[in-house]
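Remarks on the structure that follows.
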Amino acid sequence: MAKKVIILKTEMLNKIISNILPYMPKKLVWVFSKRYIAGETLEDGVLASKLLNAKNIEVTIDILGEFISTLDEAEQNRNEYLEVIERFTADKIQGNFSVKPTMFGLLIDKEACYNYMRDIVKMAASKNSFVRIDMEDSQCVDMEIDIFRRLRTEFPANVGLVVQAYLRRTKSDLEALNDLNTAAHPISFRLCKGIYIEPESVAYKGYQEIRDHYLDDLRYMFENKMYAGIATHDKYLVEEAQKMIREMNIPKNMYEFQMLYGVTPELRQSIVDEGHLMRVYVPYGQKWFNYSTRRLKENPKMAQHIIKALFVRG
C-alpha cells in the first residue's frame with residue numbers, strides 16, 4: 001500500500017511539473033532539455049552526430065519545428081533541410097533525415113507541402129541518402145500516407161514512413177501499403193508506440209494493449225519482408241523484438257533499432273554491443289523549447305529528470 005501511495009504521489013508531482021514547465025524561464029528549461037536535444041545550430045547537430053557515429057551508432061536528423069502558420073515558414077524550412085542534407089552528406093556522416101509534414105504546411109496547403117517535401121527527398125536521392133516522414137496526430141495520418149505513397153512511387157529507395165502502434169488503424173494501414181513493397185526496394189517503416197494524445201475511439205489506451213499491438217505490427221512487417229525500424233525504449237519490447245528476430249531468422253539488413261537522443265543510453269549500448277544496427281533520432285534547432293514542453297506533456301515521467309537537472313546537478 002505504501003509503495004502504491006508513493007507511486008501515485010510521484011505521478012502527481014510529474015504532472016504538476018509538466019504543466020508548469022512552459023511558464024518557467026527558458027534558461028532553466030534548457031538545463032533539462034540539453035540532455036535530449038543536440039543544440040540550436042547546424043554545427044551542434046553535426047557534432048552530436050559525429051560523436052554518435054564514433055560509437056558505431058547511426059543517426060536520423062530532425063530540425064525542430066512543426067505546425068507552422070505560413071508557407072513562407074515552409075519554404076524556409078525546406079531550404080534549411082536542403083542545406084543540412086548537403087552538409088551531412090559532404091561530411092560523410094552515417095545517417096539520414098526525418099521530416100514532419102506540418103513543418104512544410106500540410107495543414108495549410110497539402111500540395112505545396114508535397115512539393116517542398118519532394119524537393120527534400122529528391123536532394124536526398126541525389127546524394128544516395130534517405131528521408132523518413134514522421135507521423136503526426138490523427139488529423140494528419142491520411143494526408144501523410146498519401147504524400148508518402150506519391151514520393152515512394154517516384155523515389156522507392158529514398159523515403160520511408162513512421163507508423164504508430166497505438167492507433168487502431170495501423171495494422172490496416174500496413175496491409176494497404178503492402179502493395180508498394182518489392183524485393184528490390186522493401187518498404188521501410190519506423191514503428192513506434194505513439195505519442196500524441198488521442199481519443200479512445202482512435203487509439204488503444206492500455207499499456208500492455210499497446211505493447212501487444214506493437215509486436216503484432218512488427219511481426220506483420222517481418223512476415224511481409226518489410227524493413228523495420230524498431231523504435232522503442234521499452235526493454236520488454238526490445239527483448240521481444242530480439243526474440244522475434246531470432247525465431248524468424250530475420251537478416252540484419254532488414255531491421256534496425258531506433259531511440260531518441262539522450263534517452264536510455266545503457267539499453268541503447270547493450271543493443272549495439274549485441275551487434276544490432278542502432279539509429280538515434282537527433283533533434284536540434286531554435287524551436288527546442290516547444291519540443292521540450294510537448295514531449296514532457298506527452299510523457300510526464302520525464303519530469304523526474306528535470307528535478308535532478310534543476311536541483312541535484314546544480
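Summary table below
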quantity: CD proxy at 222 nm, helix term only [per DSSP H run n ≥ 4: -39500 (n - 2.57); per residue of the chain; nearest 500]; calculated: -15500 deg cm²/dmol
quantity: Difference of contour (0.36 nm per residue) and Cα-Cα distance, residue 146 to residue 249; calculated: 33.9 nm
quantity: Dipole of the chain, positive direction: furthest Cα of 177, 222, 156, with charges on the beta-carbon; calculated: 222
quantity: Label-point separation in nm, residue 286 to residue 274, each point 7 Å along Cα→Cβ; calculated: 4.3 nm
quantity: Ellipsoid semi-axes in whole angstrom, largest first, where each is sqrt(5λ) of the Cα gyration tensor of region 178-303; calculated: 25, 18, 16
quantity: DSSP beta bridges in the chain [antiparallel fraction, %, rounded to 5]; calculated: 5 percent
quantity: Kirkwood Rh (inverse of mean 1/r, distinct Cα pairs), region 76-233, angstrom; calculated: 16.1 Å
quantity: Reported label for calculated Cα extents along the principal axes in Å given (i) 59, 39, 37; (ii) 46, 45, 37; (iii) 56, 47, 42; calculated: (iii)
quantity: Rounded to whole Hz, the Karplus (6.51, -1.76, 1.60) HN-Hα couplings of region 209-222, x for glycine and proline; calculated: 4, 5, 4, 4, 5, 4, 5, 5, 5, 5, 4, 4, 4, 5
quantity: Region 190-245 - convex hull of the alpha-carbon atoms, volume per residue in Å³; calculated: 84 Å³
quantity: Where labels lie 7 Å past Cα in the beta-carbon direction, separation of residue 109 and residue 56 in nm; calculated: 4.9 nm
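Every number here is computed from the coordinates shown, using simple stated rules; none is lab data. Just so we're clear, the structure is a prediction, and the values are computed from it rather than from any experiment. With ideal geometry, Cβ positions are generated from the backbone for all residues, glycine too; neighbour counts draw on all protein chains shown.
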